[in-house]
1. How much length is gained on full extension from Glu228 to Glu358, taking 0.36 nm per residue of separation minus their Cα-Cα distance?
2. Shape of segment 298-352 from its Cα gyration tensor (a ≥ b ≥ c, root eigenvalues): rounded if a/c is under 1.5, otherwise prolate when a/b > b/c, or oblate?
3. Between segment 427-506 and segment 159-216, what is the separation of their alpha carbon centroids in Å?
4. With each label point set 7 Å from Cα along the Cα-Cβ vector, what nm distance links His469 and Asp414?
5. Which trypsin sites (Lys or Arg not before Pro) in segment 116-164 sit in a loop by DSSP (not H, G, I, E or B) and have at most 15 other Cβ atoms within 10 Å of their own Cβ?
6. Using a Förster radius of 56 Å, what is the FRET efficiency between Ala117 and Gln372 based on their Cβ-Cβ separation? Nearest 0.05, please.
7. I'd like the distance separating the alpha-carbon centroids of segment 546-585 and segment 601-642, in whole Å.
8. Quick one: Cα centre-to-centre distance for segment 56-123 and segment 296-322, in angstrom?
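Just so it is clear, none of the values below were taken in a lab; they were calculated from the coordinates. The structure presented is a predicted model; accordingly, all values stated were derived computationally and were not measured. Cβ sites come from the backbone with ideal geometry, for glycine too, and all protein chains shown count toward neighbours.
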Amino acid sequence: MSASLRGLLFPQSVVMIGASPTPGKITHTVFANLTAFSGRLYAVNPRYREVLGRPCFPRVEDLPEPVDLAVVMIPAEQVVEALESCGRKGIGHVIVVSAGFREAGGEGAEREGRLVAVARDYGIRLLGPNTFGVVSPRVGLNTTFAPRGALPGAIAFLTQSGAFGSAVLDWAWQEKLGFSAFVALGNKALLDESDFLPLLAEDPETRVIAAYLEGLKDGARFVRLAREVTRQKPVVVLKAGRGVAGKRATLSHTGTLAGEERAYRGALRQAGVLQARTVEELFDWAYVLSHQPLPAGKRLAIVSNAGGPGVIAADTAEEEGLEVVDFSPATEGKLARTLPPMASARNPVDILGDASAERFQKTLDLVLADPQVDMAVCLSAPHPILTYAQLAAITAQAFAQHGKPMAASFMTGDLGEEAKATLRARGIPAFFDPGRAVRALAGLARYAQLRNQSPEAPRTFAVDRDRAHQVLAHGGVLGLEALALLQAYGIPVAQGKLVSSPAQARRWAVQLGRPVALKIVSSAAVHKTEAGAVRLGVPPEAVAEEAQALLEGFKVRFPGAPVEGLYVQELLSPGREVILGLTRDPTFGPLVMVGLGGIHVEVLGDVAFALAPVSAREALDLLQNLKAFPLLGGVRGEKPVDLQALAEAMERLGQLALDFPQIQELDINPLFAYPTGIVAADVRVRLG
């Protein structure tokens with residue numbers, strides 16, 4: 001659809017249905033904005049023969065040509081009929097600004113359904129309804145009521161909120177921030193964010209795609225498209241509404257933990273999308289990505305005439321995963337000979353408060369020439385010996401000479417306005433906050449890392465689907481009997497047996513010949529430790545007595561609860577407890593989850609999600625995103641767990657999710673990870 005959408009963003013002819021010549025009316029304001037359009041412009045309104053000097057026709061059918069784009073601003077109850085007129089006239093793109101549709105509920109939702117049906121019947125690419133509109137500076141198109149539209153630039157901006165978009169347009173003029181295209185998505189009745197990605201990826205004037213989203217209409221489709229787009233140019237998203245996804249009647253850890261924010265975070269990371277945390281970060285990243293080259297790595301140099309800002313920058317760099325690099329011995333020696341004795345020649349470089357323009361220039365040149373430096377920030381506090389205008393010129397010259405990404409922090413107010421203008425002209429971001437300058441460069445480094453990764457397809461494993469089908473044929477909620485499902489998909493499980501009596505439990509334990517774990521199999525024992533449904537380390541000779549006590553205690557706590565039997569399982573040696581899981585998200589579909597396991601998983605919430613299926617690299621990336629990853633990598637002399645085995649189990653779970661869509665939720669908790677291999681000890685499956 002990308003080629004067909006060019007007529008919406010870059011039309012050659014436009015008509016506004018509902019245009020008015022009366023000042024003060026919103027339909028007058030929008031049409032007045034449209035008069036700056038570089039192509040042919042018409043109006044449709046049966047009351048007038050012309051509007052603001054442009055020809056006006058009583059009906060769409062009376063237009064002299066089937067224009068590229070129609071902008072509709074009439075009462076909601078008239079919009080469906082107007083859209084049919086556009087279809088009959090052969091108009092392929094329509095923006096419905098009018099409100100009164102799904103957002104109004106009831107009758108409005110039914111009206112929106114009819115609107116979509118008409119658009120599909122005629123093949124119309126419909127944006128809206130209830131949209132703020134689009135701005136395309138390249139062709140002078142402004143279908144919004146924002147009085148100035150937008151400056152031309154290299155950032156394409158998609159927004160789900162018209163009010164937020166209006167504020168951004170106004171703020172962008174102050175910041176001299178330009179756009180290649182601006183699109184308010186409105187109700188997304190037909191066109192949504194995914195439809196614009198291919199067009200903007202192909203657009204030579206768009207260097208960055210930025211978006212404010214409150215939700216995705218089709219999460220899986222967005223991720224599939226974004227994976228392709230982000231190999232060409234960066235996509236930065238601010239996702240609002242990051243709270244709990246909503247009430248879930250779940251029987252698993254995974255379903256409970258799979259909140260909306262975690263699902264979005266995992267999916268966007270897989271797609272190569274940078275997820276901004278704030279509005280400030282969204283546009284800082286978009287700006288720097290649209291103006292600066294990508295760094296070779298994440299090694300940062302800090303040059304400052306004040307110690308405090310340098311420390312703030314260094315702290316932020318560590319928080320953002322950047323490396324405050326050690327300079328080469330040659331660079332450090334040259335700096336030591338250039339700087340005063342009291343200055344610091346190590347990174348961060350403190351050239352002292354009395355630094356002249358010449359000292360700043362020499363220091364920046366030496367630092368940026370070091371092959372171990374990928375990017376740099378220049379920081380300055382006020383000092384009478386040096387003007388910010390001078391420092392801005394020096395910074396711009398260093399950027400032009402060395403071609404490495406740079407950001408600046410001039411900690412001042414009005415004194416730095418001229419300097420900011422100089423830096424802006426060279427595409428160098430400048431902020432009061434040193435940390436903000438570092439975070440801007442961190443966005444560059446993250447995208448560079450994502451782009452440098454070659455795509456890796458998920459593997460397909462040889463599995464026993466027939467056996468898995470037999471296990472899942474029972475339906476409902478499955479417990480330890482579902483360990484056979486894991487075995488069928490090549491995930492190692494602990495030896496065990498389901499028995500019907502304490503006596504049978506003892507016979508099997510004696511046959512096993514070592515201490516065992518006793519577990520009650522019951523739908524009431526969702527989480528066995530909390531339900532008091534498990535005993536660990538029971539010697540074979542004591543199994544019958546312990547099993548009887550376990551059953552009696554369980555029946556007291558859960559009177560009338562069904563008990564399917566006892567599961568007698570080999571007692572595994574201590575290892576790192578991990579939880580692996582599957583859940584089905586309403587936006588993205590099947591998700592694979594990993595985290596530290598055990599009884600506190602829901603309290604700690606240290607888990608990460610990814611769309612299924614996952615590749616080996618995505619699985620390892622998911623593990624590395626855990627806060628507790630160092631525990632898996634080995635601490636204080638401990639050997640690291642078998643990360644490759646863990647990653648492969650996640651790959652296999654992803655394949656299972658696609659092979660059997662009836663699996664709604666699955667928990668493996670705990671799964672014991674060892675230096676060599678993994679073993680699943682318990683599992684819970686909920687089928688749809």
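1. Contour length minus the Cα-Cα distance gives 42.2 nm.
2. Oblate.
3. First find each Cα centre; the distance between them is then 33 Å.
4. 7.9
5. Hits after loop and neighbour filter: Arg148.
6. That pair, Ala117 with Gln372, gives E of 0.35.
7. With segment 546-585 and segment 601-642 each reduced to a Cα centre, they are spaced 25 Å.
8. A separation of 54 Å, based on Cα centres.
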